[in-house]
1. Kindly establish whether Phe13 is under 26 Å from Thr123 (Cβ atoms), out of contact with any Lys or Arg (no Cβ under 8 Å at 6 or more places or on another chain) and aromatic (Phe, Trp, Tyr).
2. What number of residues in the range 15-53 are more than 18 Å from Phe117 (Cβ to Cβ) and among the basic types (Lys, Arg)?
3. Is there any pair with a first residue in the range 6-33 that is touching a residue at least 24 places away in the same chain (Cβ under 8 Å) and a second that is assigned to a helix (DSSP H, G or I) and exposed (fewer than 15 other Cβ atoms within 10 Å of the Cβ) whose Cβ atoms are under 7 Å apart and which are 6 or more apart or on different chains, and what are they?
4. For the range 19-30, give me each residue that is assigned to a loop (DSSP other than H, G, I, E, B) and either closer than 14 Å to Leu101 by Cα or touching a Pro at 6+ places or on another chain (Cβ under 8 Å) (or both).
5. Only residues that are β-branched (Val, Ile, Thr) and touching a strand residue (DSSP E or B) at 6+ places or on another chain (Cβ under 6 Å): list them for the range 43-61, please.
Amino acid sequence: MKVTQIYFEDTAFGKTISNWAESIGIEIIKFDHKNDHQFDGIEGLLLFHENHDIDKAQHELLSVFEHKQRAISKIDINGTLSVAVSNFSLWLERNKCKTLLATGSDELTKNPNLERFLEQLKTA
């Protein structure tokens, strides 16, 4: 994976992402919603969801990234695994994002598909 930094939120989902990123050598940075300057260093948003169910906090981040015209990738972890991995890899290649903010609801940590997706990304 060509990503060098992943920003994560101080949530259960964020901790899952930071543990995964750290395990494959990607620098992790805690994301602070109150620090507007932090958005300047983030090139893309990686939004995880289940069946297009996106909570209010993720909708707000989505709006900010759309307004700033930054790259956005939405990953439905209940979709077909190989398609999700392939689409994400193509999205990364096309947008050349090296720094991402990964977000999702804490409920996603209970879904075994999240772990399967992250394991597949290790080899992508």
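Quick note: the coordinates plus some simple rules give every number you see, no bench work behind them. Values in this document were obtained by computation on a predicted structure and should not be read as measured data. Every residue, glycine among them, receives a Cβ derived from its backbone with ideal geometry; neighbour counts consider all protein chains shown.
1. Criteria met by Phe13.
2. Within the range 15-53, residues that are more than 18 Å from Phe117 (Cβ to Cβ) and among the basic types (Lys, Arg) number 2.
3. As it stands, the answer is Thr11/Asp106; Ala12/Asp106; Phe13/Asp106; Ile24/Lys122, since those pairs meet every condition given.
4. Answer for the range 19-30, where residues must be assigned to a loop (DSSP other than H, G, I, E, B) and either closer than 14 Å to Leu101 by Cα or touching a Pro at 6+ places or on another chain (Cβ under 8 Å) (or both): just Ile26.
5. If the condition is that a residue be β-branched (Val, Ile, Thr) and touching a strand residue (DSSP E or B) at 6+ places or on another chain (Cβ under 6 Å), then no residue fits.
Residue by residue, here is whether (1) within 19 Å of Cys97 (Cα to Cα); (2) among the aliphatic types (A, V, I, L, M) holds:
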position: Thr4; (1), (2): yes, no
position: Tyr7; (1), (2): yes, no
position: Ile17; (1), (2): yes, yes
position: Asp32; (1), (2): no, no
position: His37; (1), (2): yes, no
position: Ile42; (1), (2): yes, yes
position: His49; (1), (2): no, no
position: Asp55; (1), (2): no, no
position: Glu60; (1), (2): no, no
